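Reviewing the structure listed below.
Since every read-out is calculated from the coordinates, none of them should be taken as a lab result. Bear in mind that the values here come from a model prediction, so they are computed numbers and not experimental data. Here Cβ is always computed from backbone atoms with ideal geometry, including for glycine, and neighbour counts include all displayed protein chains.
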Amino acid sequence: MLHILYIVAITAEAMTAALSAGRRDMDWVGVCIIAWITALGGGTIRNILFDHYPMAWVEHPEYLLITAGAALFTPLIASFMGRLRKLFLYLDALGLVVFTIIGCQIAQDIHLPVTIIVASGVITGCAGGVLRDVLCNDIPLLFRREIYASASLVTGGVYVAIDHWYGNPTIAMLAAAAIGLTLRLLSIRYDWHMPKFIYRDKWEH
Amino acid sequence: MLHILYIVAITAEAMTAALSAGRRDMDWVGVCIIAWITALGGGTIRNILFDHYPMAWVEHPEYLLITAGAALFTPLIASFMGRLRKLFLYLDALGLVVFTIIGCQIAQDIHLPVTIIVASGVITGCAGGVLRDVLCNDIPLLFRREIYASASLVTGGVYVAIDHWYGNPTIAMLAAAAIGLTLRLLSIRYDWHMPKFIYRDKWEH
Amino acid sequence: MLHILYIVAITAEAMTAALSAGRRDMDWVGVCIIAWITALGGGTIRNILFDHYPMAWVEHPEYLLITAGAALFTPLIASFMGRLRKLFLYLDALGLVVFTIIGCQIAQDIHLPVTIIVASGVITGCAGGVLRDVLCNDIPLLFRREIYASASLVTGGVYVAIDHWYGNPTIAMLAAAAIGLTLRLLSIRYDWHMPKFIYRDKWEH
């Protein structure tokens with residue numbers, strides 16, 4: 001079940017990444033690379049940080065083919081993407097919670113401390129999008145946007161707390177997914193933002 | 001033989017990287033760091049992704065000295081670089097195929113699947129230049145430029161295919177190098193580009 | 001002693017990173033992430049390059065809490081930060097030499113060659129700031145600024161040389177810290193810079 005959702009999530013991430021690449025006039029190679037890095041980069045960075053090898057895409061090279069296929073298919077349907085925008089926002093939100101929960105579970109499997117389990121979820125959920133924005137030469141949206149990393153943090157926190165208190169990973173997973181998804185969708189619907197810290201140097205011009 | 005070409009390639013990459021740094025008015029330290037990251041970054045990222053330690057430059061610290069020397073020598077001959085531009089484009093093309101083939105061979109040595117062997121070649125060939133452009137605050141040229149990553153992909157694909165069918169890594173290497181180099185040089189000569197995906201949001205202004 | 005200085009250094013780095021994030025109007029999540037990456041990123045990259053696991057912040061998750069606390073406290077005192085600017089420049093200089101020496105010691109512990117011990121110091125000292133600037137979409141200051149990476153290089157070189165000749169890591173540490181700190185503070189005081197390499201293509205317009 002989580003595996004099917006994972007495939008759906010990397011496909012959706014690859015397609016939204018392809019749109020980002022298209023906004024920067026990249027060629028097909030650039031579109032593919034941005035799609036791979038966005039869809040698979042979060043898990044890759046997590047694995048590097050926690051010395052957890054091999055990478056998912058090394059064990060399952062078909063992930064590279066699925067995401068490349070989705071990315072290269074995107075230009076063909078780009079003219080409809082405006083109308084599908086809502087659908088992709090929902091799939092992206094789904095991807096965020098699925099990635100976060102998978103990240104928490106992997107950190108649990110290798111017996112990392114509780115704080116790091118939550119961190120692993122947030123890194124898995126968010127780092128792909130940060131890499132995408134750095135490669136597209138933007139300030140990562142994550143640092144400026146609505147409740148995104150925060151939704152990932154809440155998802156991870158709920159998962160860890162319920163799993164700890166009830167000892168039932170399935171219930172923890174469902175509750176975390178429901179709460180994280182609700183929070184993310186409400187933040188899109190009502191345009192919620194985290195407070196910003198705006199700082200200007202007085203001694204600079 | 002491949003080792004000598006590797007030294008030539010990292011030297012040439014270090015020098016072109018130094019020019020990139022000079023375009024951004026970096027100081028000598030910045031010139032050195034950009035040169036190291038460009039020349040050695042592709043192999044380093046490959047090794048991180050495939051858990052293949054130690055790094056080449058940790059085993060052979062002289063690579064750091066060679067590339068730093070080449071980078072710091074570049075400002076002295078910068079006024080001639082305009083005339084040498086063609087030479088450096090050729091050396092850069094040579095570097096691309098040499099790095100790609102080395103990347104494929106290393107992935108083969110650690111028995112990775114076929115798709116990943118090609119991916120390893122492309123990562124080794126291209127990631128250094130992507131890091132250079134990110135650090136110089138550009139959108140990576142790789143994503144916008146002529147047949148570059150594609151030439152690396154073709155080189156890797158030819159290498160893997162011939163090695164698989166004929167079981168002769170030397171012939172595979174020579175054929176892959178010849179075809180990859182030809183493709184890259186023709187793309188420079190005739191200004192070939194991959195088709196671009198240009199996308200603009202209709203709901204944005 | 002070095003451990004206490006390390007805590008002081010990551011706290012100071014987190015606070016100056018929070019100011020960088022504030023200059024880019026990031027929200028609280030962005031402020032935290034930039035602080036983590038700046039304060040802990042140098043050591044993390046070093047550990048990845050040298051396959052040295054686990055990360056300090058995985059073994060001591062309290063580092064994540066200390067740096068997040070310092071970062072989130074910064075907006076509250078931002079209006080005083082102008083006056084405290086000197087203090088933070090000194091703490092940042094202290095952090096640079098402390099990180100550099102720790103980086104050298106870790107590379108020594110895993111028996112890396114001499115050149116790589118110095119490189120490990122410089123990477124530990126400087127890479128966090130490079131990541132911060134890349135994520136804030138700037139050309140890394142390191143590549144353009146006064147004697148910063150150079151001070152780290154001198155610190156590492158002095159440490160390695162004295163430890164080699166006198167075989168006394170404590171004296172090496174104190175001498176390296178004194179010389180590195182002096183060099184960095186003098187370069188701030190007198191606005192010393194490394195010579196720049198400025199290059200413009202003649203065939204481009």
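Laid out as a table, the results:
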{"quantity": "Distant alpha-carbon pairs in region B:77-125 (separation over 13 angstrom), percent", "calculated": "59 percent"}
{"quantity": "Inter-label distance, nm, simple model (7 Å from Cα along the C-beta direction), B:Ala161/C:Leu65", "calculated": "5.8 nm"}
{"quantity": "Helix-only [θ]222 nm of chain A, DSSP H runs n ≥ 4, -39500 (n - 2.57) each, per residue, nearest 500", "calculated": "-24500 deg cm²/dmol"}
{"quantity": "For region C:78-205: relative contact order, % (alpha-carbon pairs under 8 angstrom, 6 or more apart)", "calculated": "25 percent"}
{"quantity": "Label spacing, shortest first and in nm, from A:His111 to its equivalents in the remaining copies (7 angstrom along Cα→Cβ)", "calculated": "2.7, 2.7"}
{"quantity": "Average partner coverage of B:190-199, which counts Cβ from other chains inside 10 Å", "calculated": "6"}
{"quantity": "Shielding of B:134-144 by partner chains, average beta-carbon count, 10 Å", "calculated": "6"}
{"quantity": "Gap separating the Cα centres of region B:76-155 and region C:158-181, nearest whole Å", "calculated": "40 Å"}
{"quantity": "C:Thr182/C:Ala56 FRET efficiency (R0 30 Å; Cβ-Cβ; nearest 0.05)", "calculated": "0.65"}
{"quantity": "Under 16 Å from A:Lys86, Cα to Cα: aspartates and glutamates that are on another chain or at least 8 residues apart", "calculated": "A:Glu13, A:Glu146, A:Asp191, B:Asp201, B:Glu204"}
{"quantity": "Globularity index of chain C, i.e. its alpha-carbon radius of gyration over 2.2 N^0.38 Å", "calculated": "1.04"}
{"quantity": "Across the identical copies, how the C:Leu186 labels are spaced - nm, sorted shortest first, 7 Å along Cα→Cβ", "calculated": "6.0, 6.0"}
{"quantity": "Residue-count net charge about A:Thr11 - beta-carbon cut-off 13 Å; Lys, Arg +1, Asp, Glu -1", "calculated": "-3"}
{"quantity": "Förster radius 22 Å - calculated FRET efficiency between B:His3 and B:Ile171, Cβ distance, rounded to 0.05", "calculated": "0.70"}
{"quantity": "Shortest-first distances to equivalent copies, position A:Phe88, nm, label 7 Å out along Cβ", "calculated": "3.8, 3.8"}
{"quantity": "Calculated from backbone phi, Karplus (6.51, -1.76, 1.60) coupling profile of region A:128-133 in Hz, x at Gly/Pro", "calculated": "x, x, 5, 4, 4, 5"}
{"quantity": "Calculated from backbone phi, Karplus (6.51, -1.76, 1.60) coupling profile of region C:149-159 in Hz, x at Gly/Pro", "calculated": "4, 5, 5, 5, 4, 5, 4, x, x, 4, 4"}
{"quantity": "Förster radius 30 Å - calculated FRET efficiency between B:Val114 and A:Leu84, Cβ distance, rounded to 0.05", "calculated": "0.30"}
{"quantity": "For the protein assembly as shown, average projected area of the Cα convex hull in nm²", "calculated": "28.4 nm²"}
{"quantity": "Peptide-level mean, for B:115-127, of C-beta atoms on other protein chains within 10 Å", "calculated": "2"}
